[in-house]
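Written below as structure tokens is the structure these notes are about.
The values are calculated or read from the model by the stated rules, or taken from the named source; none is laboratory data. Model, not experiment: these values are computed from the prediction. Note that each Cβ is placed from the backbone with ideal geometry, even for glycine, and that neighbours are counted across all protein chains shown. Note: accessible area is taken over every heavy atom of the protein model, side chains too, but ligands, DNA and RNA are not part of it. Shrake-Rupley method; radii C 1.70, N 1.55, O 1.52, S 1.80 Å.
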Amino acid sequence: RRSYVLHALQLYLLIGIAFQQLKSFRRIPFIIGLGKFKIKSVLNDISIVNIGKKQEKSVAAIRSDDAIAATIKHLVQLYFSTIVNNRTNGKKSSNIDEKKLFSLHVRIIFEIVKSEGQDDDIYETDGDGRHLSPIYLNVCNFLDGVVQTLTKSEETALPILRNVLKREGIKTTSSNLAMNPRDYVEMKRRIERAFSSTMLFLTAYYLSKWHLTDTPRSRYPLPEDLVFFGRVLVDKVSSHDRHLHMLLLCKGCLLSTDALSSKDTFLTGLSLHHGIHKPSNSARLLFPFLDGTYRAYRTLQRSFHTSTDSENSGVLSLLAFCLRFDRLASLSRSSTAAGEDMMSSIRRVLADKLSFLLINSPTAASPGDPAVTKNSLAMELFLWQQLTSSHAAALQRLLAEVGRYGSLFVRCVQRNRPNLASSTTESQFEENELTMLQLKRLVVLVTCLKYLPSSHRVLKSVEGSLGLALLRGAALDLSPRPSDQDDQDTFWATSPTAKKSKPRPQQPPSEGDEDFWAGKHNSLRALRASSLGTSSSFSEEADDAVLDGVDDYITRLLAEVMKVEVEAVQQVRVRVELDDVIASWRRPQLLLDFYFMQSSSKDTQALFRRFLQALLGVSRETVEDIRFGDPANRMHLDRFDPELVEMWREGRTPLGDRLPGFNDPQTLFMLGEDSNTCLSIRARQKATNRGLLSILLNGSCRVLGVKDSSGRLTTRAVVRLLIDDLTLTPVLLVGVPYGGVGSADDSSYVEIYDQAGELGRLLRLPVLYSRVPSESEYYMSS
């Protein structure tokens with residue numbers, strides 16, 4: 001406890017001293033506000049810097065080897081002194097070291113994470129009396145000061161940073177309430193995400209402003225692009241993925257342009273060429289990630305294969321197909337959101353692929369400290385720093401490889417030439433459905449590839465057809481160099497009018513290339529002459545070869561997963577069931593995603609394998625047979641009246657009244673994914689999402705809630721059929737509701753409480769609640 005207080009005092013004093021040192025300037029633009037006001041007014045606005053002279057003297061007593069204090073000191077000097085000084089009197093200076101800036105960003109995150117050790121030690125404690133340490137409280141105060149300063153300067157970045165805190169649920173006034181260990185750890189993760197996302201966005205935003213007038217155009221994103229795409233990223237991306245997406249947006253995918261901003265390319269392209277004037281948030285989220293990686297690939301592709309197509313036309317065609325597919329589906333049949341789900345799935349596949357390549361890149365290393373290694377945010381920053389600081393072409397190679405997979409989705413839409421006219425006939429709409437089905441199959445395949453070993457036949461076949469070995473070598477030879485400014489500018493360009501790449505003269509690899517690429521080819525000429533690939537690997541024919549083989553690849557992977565012969569999966573009835581699952585499930589790729597991510601738990605994989613066999617008709621049992629007929633489940637269900645169990649299973653009373661809620665496999669499997677809980681299908685949640693099987697394969701569970709037009713649960717609660725140990729009578733236990741605003745008396749939960757009451761009335765059972773609803777918000781069904 002004394003150590004925490006000391007650290008808090010040191011942090012308090014160092015930030016104050018840094019701001020006091022800035023008082024020597026009369027009028028300078030402040031890093032956070034960039035408005036021209038006196039530094040004295042800034043000091044008065046932020047309470048954490050109001051310290052006296054006597055307190056300043058005590059700073060001399062701080063040990064220089066104090067890791068937290070030293071890191072904070074350097075961070076403050078760079079963010080609040082160096083950058084400010086480089087913009088004094090409106091004159092831009094070129095001595096800002098962006099790599100050093102990011103390095104200190106990583107260091108401060110490391111020190112914050114290491115300040116309290118591993119989370120396992122916290123989980124072992126009992127009680128609800130844990131308070132945030134002074135270090136985390138000071139980070140909260142800093143974030144609050146950022147928002148206050150931006151509010152005064154009316155900066156366009158304000159809404160984004162304000163929403164970062166709102167989405168993470170961080171409030172300075174309530175951040176030090178007593179919490180149980182699990183809530184305590186979750187609050188720490190939220191603060192870390194908010195702090196790192198804030199610094200990522202602020203750095204990118206102001207560096208882009210300062211380089212706005214560079215000639216030739218710099219590689220920094222345009223401020224308007226950061227604001228346009230960053231706003232929807234913060235609002236719509238789940239908290240588990242938000243920091244990685246912000247890192248990719250600010251540091252990799254959202255790159256500058258010579259003619260049009262990415263925002264203008266996105267809006268103008270869809271409006272002029274496709275007649276879409278109000279694209280959805282899903283399209284707005286996907287565009288920078290797909291467009292940035294696709295351009296990186298196309299830049300390297302031109303070195304092997306001549307192409308005159310615009311980089312943007314294919315990406316915009318894919319977005320237009322998804323957007324108009326939903327519109328036509330709602331007009332011709334029923335309301336659906338297959339296109340929205342497809343855009344979200346592609347974005348997630350690309351982000352996951354990039355993250356996987358980042359972890360397995362030649363530069364990947366371990367930071368050493370267990371607390372840092374187990375922290376996903378700290379590892380994202382650390383691996384990105386290792387990648388970008390080791391070699392000039394490393395980031396280009398990474399983006400290009402992800403873009404190669406993105407090109408498959410673009411080609412899938414282009415070769416099928418979907419008819420998206422408003423007067424589409426029934427047969428034409430069925431053709432569009434086939435294109436959507438092919439996209440879903442492709443998502444399933446690409447999702448599985450990241451789990452396969454390098455020697456796997458499917459992976460080798462796909463990578464060989466796509467020419468990834470050739471692409472990886474090309475990234476080395478085509479790395480931007482000072483003498484190749486034209487090519488470098490073209491690589492970062494998004495506009496169809498951008499200059500074409502000039503033929504690059506043969507050059508020897510730069511120092512360290514041979515070590516970095518572990519002995520791979522040193523020149524593009526040698527690489528072309530090798531057996532690693534040919535220019536045809538980047539042609540449309542190569543893409544078509546992969547697309548034509550998607551069904552065969554998925555069949556082979558399913559046979560391995562379910563441990564059956566390929567012929568068993570090729571049976572007509574199994575193919576029919578597989579096509580139905582791919583077509584009807586919103587995100588079928590998550591089925592295999594869940595299986596592969598549970599590789600460390602053979603029991604979980606074995607149980608889920610049984611579920612897949614039943615779902616696809618490979619085995620003789622159905623999913624219902626497992627839920628209600630498995631001996632372990634029967635031990636519980638046999639305690640109830642058979643008539644009650646039959647009503648519970650069929651979802652209807654003998655009189656034909658339908659029971660509220662859902663018990664179909666897709667709804668149960670997507671519980672965590674729809675509400676973004678610990679049951680979501682993400683690798684970082686694999687330790688907790690395996691609990692999903694206790695609901696998916698348990699006949700005593702049912703889901704109450706509300707679905708939107710796409711079938712997604714907007715609010716939900718799990719209800720269980722149990723026996724009261726005291727009265728030995730059946731009861732219904734309603735679990736904690738999720739979704740909506742999140743408070744116990746949230747009005748969006750009214751439907752759940754109403755459904756629970758109706759279920760109890762139809763089954764003639766008492767209803768118990770894990771979280772008692774508020775009387776003012778509870779309405780009983782009539």
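Structure notes:
- With 0.36 nm allotted per residue and the present C-alpha distance subtracted, the GLN570-ASP544 stretch has 7.2 nm of extension available.
- Overall form of segment 607-655 per C-alpha gyration tensor (a/c, 1.5; a/b vs b/c): oblate
- With a threshold of 30 Å on the Cα-Cα distance, the over-threshold entries among LYS114/LYS209; LYS171/LYS450; LYS251/LYS450 are LYS114/LYS209; LYS171/LYS450.
- Note on exposure: ASP241, ASP657, ASP235 ranked by accessible area (1.4 Å probe, complete protein assembly) read ASP657, ASP235, ASP241, with the most exposed listed first.
- Placed amide H near TYR769: partners under 5 Å, 5+ positions off or other chain: VAL734
- Shape metrics for segment 342-419, restricted to C-alpha atoms - Rg then Dmax, Å: 15.8, 55
- Segment 191-198 - phi-based ³J(HN,Hα) in whole Hz, Karplus 6.51/-1.76/1.60, Gly and Pro as x: 5, 4, 5, 5, 5, 5, 5, 4
- LEU177 versus LEU272: modelled label distance in nm, points set 7 Å from Cα along the beta carbon direction: 5.2
- For SER103, solvent-accessible area (1.4 Å; no DNA, RNA or ligand), Å²: 30
- Full-extension gain in nm, VAL731 to ARG415, via 0.36 nm per residue minus C-alpha separation: 108.1 nm
- FRET efficiency, 1/(1 + (r/R0)^6) with R0 35 Å, evaluated for HIS636 and LYS236 via beta carbons: 0.30
- Computed lengthening from LYS100 to GLU650, 0.36 nm per intervening residue step minus Cα-Cα distance: 191.7 nm
- Gyration tensor (alpha-carbon) shape descriptor, segment 613-686, a/c threshold 1.5: prolate
- Amide H to amide H distances under 5 Å link LYS707 with THR714, where only residues 5 or more positions off or on other chains count and H is placed in the peptide plane.
- Converting phi to 3J(HN,Hα) with the Karplus coefficients 6.51, -1.76 and 1.60 and the offset θ = phi - 60°, segment 569-586 yields 7, 7, 4, 4, 5, 6, 4, 5, 5, 5, 4, 5, 5, 5, 6, 8, 6, 5 Hz in sequence order, with x at every glycine or proline.
- Other-chain or far-sequence residues with amide H under 5 Å of VAL719's (modelled H): ARG702, VAL703, LEU704, GLY735
- Segment 573-719 gives an Rg/Rh value of 0.95, both radii derived from C-alpha positions and Rh following Kirkwood.
- For segment 561-668, trypsin sites (Lys or Arg not before Pro) are listed when DSSP marks them as loop and at most 16 other Cβ atoms sit within 10 Å of their Cβ; the list is LYS563, ARG620, ARG639.
- At R0 = 22 Å, FRET efficiency that the Cβ-Cβ distance of GLU433 and ASP625 yields, to 0.05: 0.10
- The Cα atoms of segment 635-744 give a gyration tensor whose axes a ≥ b ≥ c have a/c of 1.5 or more with a/b greater than b/c, which makes the shape prolate.
- Segment 644-697 and segment 441-468: distance between their alpha carbon centers, rounded to Å: 31
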